[in-house]
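Reviewing the structure listed below.
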Amino acid sequence: IDECQDQRVCTRGDCINTKGSFSCLCGSGFRQSAAGDQCNDVDECADESELCSPHGVCLNTEGSYLCVCDSGFSANLHMPSCDDIDECGLNGMLCGPHGFCENRQGSFRCLCDQGYQETQDGRACVDVNECDLLSSVCGEAECVNVDGSFLCMCPSGQDYNVMIAKCEPVPTALPVERKECYYHLNDKNLCESVLTSHVTLQECCCTLGAGWGDNCEVHPCPVNGTDHFAQICPSGRGFIPGEEFLFSAPTADSYKDADECTLFGQEVCKGGFCLDTLGSFECYCKSGHDYDPATLECRDINECLDETVCAGAQCLNTDGSYLCFCTHPMVLDPSSNRCVFSPDVDVSNPG
């Protein structure tokens, strides 16, 4: 008798007729019943309690199962588990232009710049209104909130004294002496090594200057580490008096970070992008160029000096890059800078 002709036998499986009997061949996710005439669904969630844990629950389905993951987690396609979703990697600007996204298990948080704070849901950074948050932060001056900070505004003709939180009349004094700042003193082209003109002694000698003067009549700047240098630059190299202290005797507290990029413009970072840092600056060059601190400029890197470049080929340096040339019948391998025989050329029969 061919029992497999009965449609009720081996549902959800394949029926195999045998001599005097039959058997059920069950697929993945199914198991033969005790009677041997049916294929029953396997409840993987009951058999293996650790499936999808610890960040999800197992849901049995016909012939298989699903992982229902907690918020902030997604089902792994290769393993029965729920993996953390890196929200920061999916959207680099998740916290906006004034915050840094930090991924966490099942969530993320925004680390905000100074002057900004997290929103209530922790998903963005908004400006802090210091004028409302800090009462009398400007003393008798008017507090004006700006993006990421605040300003203390005084009436016309007065300046804000941050030390005593009061408005004071603008001091009247003789203008501060300003001259040219020179970068090299021993150079034959001394007169052409002018970093900038119309700067104070401190703005020159406390930053990059080697000499200060007019019309190539230069007064050498004091050497760093000497008593004379400490008198002029009590806060060290890279710090100059603030505008509000130009007319008074400078002290260490009156010095602030010098913005060399603004003071000297393109002279300190020719061909590159200048970024001010605390006490110094950084010059970022285009690809294929390197910064030369001796000449304060971005210079082309000669890649051809590296023997590993253009192996077996002729190297030609270009501005910011290089080119490789091969001798016929060889051609340049498109996947690397190496010469190989052209597939169209029969190397065994040059003719």
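The values are calculated or read from the model by the stated rules, or taken from the named source; none is laboratory data. Computed from a predicted model, the values in this text were never measured in an experiment. All Cβ positions, even for glycine, are placed from backbone atoms using ideal geometry, and neighbour counts span all protein chains on display. Side chains included, ligands, DNA and RNA excluded: accessible areas come from the protein's heavy atoms. Shrake-Rupley method; radii C 1.70, N 1.55, O 1.52, S 1.80 Å.
Find the strands (runs of 3 or more DSSP E) located wholly in segment 2-80 whose residues include 3 or more that are out of contact with any Lys or Arg (no Cβ under 7 Å at 6 or more places or on another chain), and list them.
Details: elements: 13-18, 21-26, 30-32, 39-41, 56-61, 64-69, 73-75.
So the answer is 13-18, 21-26, 56-61, 64-69, 73-75.
Of the residues that sit in segment 160-173 and are farther than 17 Å from SER136 by Cβ and open to solvent by less than 80 Å² (accessible area, probe 1.4 Å), which one is modelled with the lowest pLDDT?
Initial filter on segment 160-173 (farther than 17 Å from SER136 by Cβ): 168-173.
Then drop every residue that is not open to solvent by less than 80 Å² (accessible area, probe 1.4 Å), which leaves 168, 170-171, 173.
Details: GLU168: 88, VAL170: 79, PRO171: 66, ALA173: 51.
Among those residues, the one meeting the criterion is ALA173.
Just one of GLU282, GLU267, GLU260 is open to solvent by less than 60 Å² (accessible area, probe 1.4 Å), of a type in the set (D, E, K, R) and either under 29 Å from the mean Cα position of the chain (by Cα) or modelled with pLDDT of 90 or more (or both); which is it?
Details: GLU282 fails: open to solvent by less than 60 Å² (accessible area, probe 1.4 Å); GLU267 fails: open to solvent by less than 60 Å² (accessible area, probe 1.4 Å).
Only one candidate qualifies: GLU260.
Can you pull out the residues in segment 92-115 that are out of contact with any helix residue (DSSP H, G or I) (no Cβ under 9 Å at 6 or more places or on another chain) and open to solvent by less than 70 Å² (accessible area, probe 1.4 Å)?
GLY92, GLY96, HIS98, GLY99, GLY106, CYS110, LEU111, CYS112
Kindly list the number of the only condition in (1) touching a helix residue (DSSP H, G or I) at 6+ places or on another chain (Cβ under 7 Å); (2) outside any loop (DSSP other than H, G, I, E, B) that fails for ASP83.
ASP83 satisfies every listed condition except (1).
This table checks each residue for (1) polar (S, T, N, Q); (2) under 44 Å from the mean Cα position of the chain (by Cα); (3) crowded, with 18+ Cβ neighbours inside 10 Å.
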residue: PHE22; (1), (2), (3): no, no, yes
residue: GLY27; (1), (2), (3): no, no, no
residue: ALA34; (1), (2), (3): no, no, no
residue: ASN40; (1), (2), (3): yes, no, no
residue: ASP43; (1), (2), (3): no, no, no
residue: ALA46; (1), (2), (3): no, no, no
residue: THR61; (1), (2), (3): yes, no, no
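Would you please name the residue that is most open to solvent (accessible area, probe 1.4 Å), looking only at residues in segment 131-150 that are part of a strand (DSSP E or B) and touching a residue at least 12 places away in the same chain (Cβ under 8 Å)?
Within segment 131-150, the first condition is being part of a strand (DSSP E or B), and the residues that meet it are 142-146, 149-150.
Those still in the list that are touching a residue at least 12 places away in the same chain (Cβ under 8 Å) too: 142-145, 149-150.
Values: GLU142: 118, CYS143: 38, VAL144: 51, ASN145: 54, SER149: 49, PHE150: 63 Å².
The residue in question is GLU142.
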